[in-house]
1. Regarding THR125, is this residue surrounded by fewer than 13 Cβ atoms within 10 Å (Cβ to Cβ) and either in a helix (DSSP H, G or I) or of a type in the set (Val, Ile, Thr) (or both)?
2. Report every pair of residues separated by at least 6 positions or lying on different chains whose Cβ atoms are under 8 Å apart, first residue within the stretch 123-135 and without any contact (Cβ under 8 Å) to a residue 24 or more places away in the chain, second assigned to a strand (DSSP E or B).
3. Filter the stretch 239-251 down to the residues that are touching a strand residue (DSSP E or B) at 6+ places or on another chain (Cβ under 8 Å) and either surrounded by 15 or more Cβ atoms within 10 Å (Cβ to Cβ) or of a type outside the set (A, V, I, L, M, F, W, C) (or both) and list them by number.
4. Would you check which residues across the stretch 145-168 are part of a strand (DSSP E or B) and of a type in the set (Gly, Ala, Ser) and list them?
5. Within the stretch 25-39, is even one residue touching a residue at least 40 places away in the same chain (Cβ under 8 Å), out of contact with any strand residue (DSSP E or B) (no Cβ under 6 Å at 6 or more places or on another chain), within 28 Å of PHE106 (Cα to Cα) and not assigned by TED's automatic domain parsing to the domain that holds GLY143?
6. Would you pick out the residues in the stretch 169-186 that are in a helix (DSSP H, G or I), more than 14 Å from the chain's Cα centre (by Cα) and not acidic (Asp, Glu)?
7. Looking only at the stretch 187-233, which residues are within 20 Å of THR170 (Cα to Cα) and part of a loop (DSSP other than H, G, I, E, B)?
8. Starting from the stretch 163-179, keep only residues that are at pLDDT 95 or above, then list their pairs with residues that are surrounded by fewer than 18 Cβ atoms within 10 Å (Cβ to Cβ) and not in a loop (DSSP other than H, G, I, E, B) whose Cβ atoms are within a distance under 7 Å, requiring at least 6 positions of separation or different chains.
Amino acid sequence: MKKKIYLTPGEQTLFSALSSRHIVDTGLLQELFPEILSISLNKTVANLVKKGYLHRVKKGIFTVSGRPFMNPEIQDPMQIGLMVCPGYIGFSSALRVYDLIPYESFTVFIVTKNRSRETTIGEYTLRCVAMGERCIGMTFYNGVYVSTLEKTFFDCFYKPQYSGGYAVITQALSLAPSIDWKKFCDFFSRESSSLCQRTGYILDMLNKRKSIVPEIVIHFFRQRIKNNTRLAISDTGSGIYVRSWMLVDNIGIENIFSWWSHG
């Protein structure tokens with residue numbers, strides 16, 4: 001027989017006030033119940049956590065479950081991610097916010113200035129990625145702080161491993177409604193020639209399939225060609241040398257544009 005979990009009158013009062021919410025913090029609790037002493041409020045919260053109605057995300061932050069669960073119910077993983085790691089939603093998660101990839105992911109990427117960590121909450125993994133001085137270019141869109149469209153694609157090219165790879169990036173670019181290419185290029189103005197060569201090569205190859213990148217943008221990246229480089233830096237395997245970009249494509253066009261080949 002399933003064990004019933006009962007609430008005391010005080011716990012019921014507090015939970016009733018919170019049941020329509022998904023995320024709460026101690027500051028909100030104190031606003032809602034100013035007449036309750038902090039020590040008593042903290043004890044009631046601890047009891048609700050123990051009984052599975054609240055789940056501690058981090059110190060002072062909780063998710064609310066409509067019924068008692070051992071694991072938290074996650075209704076808005078991106079909002080929780082931003083509460084755990086203040087920053088902005090980035091990489092493939094930002095592409096999802098902009099509706100440029102068709103699937104939901106159980107990993108939420110948050111760009112921070114100087115904090116990298118990974119936390120599992122329920123069935124979601126929150127991945128905080130430190131970007132230092134590159135932690136810029138944020139906007140408020142669809143209820144969350146997220147990188148601007150141009151900064152999203154910069155971040156994706158900068159760390160494609162957090163974006164699902166170049167196939168995801170190129171497909172998202174082909175679906176993007178409008179991009180301010182000047183703003184996009186500005187993010188690369190102080191970056192390495194290797195990054196610019198990799199980015200320019202991908203944009204050039206995309207243009208051969210769907211002409212969406214202005215030639216002045218391709219020219220911008222061509223001007224940054226300097227030394228030989230590889231498309232996948234961490235992969236020392238062989239590939240095709242592309243003389244016009246001084247780059248070894250060790251991923252393969254068929255992989256980069258697999259979405260194009262398969263519709």
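The values are calculated or read from the model by the stated rules, or taken from the named source; none is laboratory data. Since the structure is predicted, the reported quantities are computational estimates derived from the model, not experimental observations. Cβ atoms come from the backbone with ideal geometry, glycine included; neighbour counts cover every protein chain shown.
1. No: the conditions fail for THR125.
2. THR125/THR107; THR125/VAL108; THR125/GLU118; THR125/THR119; ALA130/THR112
3. Of everything in the stretch 239-251, those that are touching a strand residue (DSSP E or B) at 6+ places or on another chain (Cβ under 8 Å) and either surrounded by 15 or more Cβ atoms within 10 Å (Cβ to Cβ) or of a type outside the set (A, V, I, L, M, F, W, C) (or both) turn out to be GLY239, TYR241, VAL242, MET246, LEU247, VAL248, ASP249, ASN250.
4. Correct list: SER147 only.
5. The initial filter retains those residues of the stretch 25-39 that are touching a residue at least 40 places away in the same chain (Cβ under 8 Å), namely 25.
Add one more test, that the residue is out of contact with any strand residue (DSSP E or B) (no Cβ under 6 Å at 6 or more places or on another chain), and what stays is none.
Taking every residue of the stretch 25-39 in turn, none turns out to be touching a residue at least 40 places away in the same chain (Cβ under 8 Å), out of contact with any strand residue (DSSP E or B) (no Cβ under 6 Å at 6 or more places or on another chain), within 28 Å of PHE106 (Cα to Cα) and not assigned by TED's automatic domain parsing to the domain that holds GLY143.
6. THR170, GLN171, ALA172, LEU173, SER174, LEU175, TRP181, LYS182, LYS183, PHE184, CYS185
7. PHE187, PHE188, LYS208, ARG209, LYS210, SER211, ILE212, VAL213, PRO214, LEU231, ALA232, ILE233
8. Listed pairs, sorted by first residue: ALA167/ASN255; ALA167/SER258; ALA167/TRP259; GLN171/TRP259.
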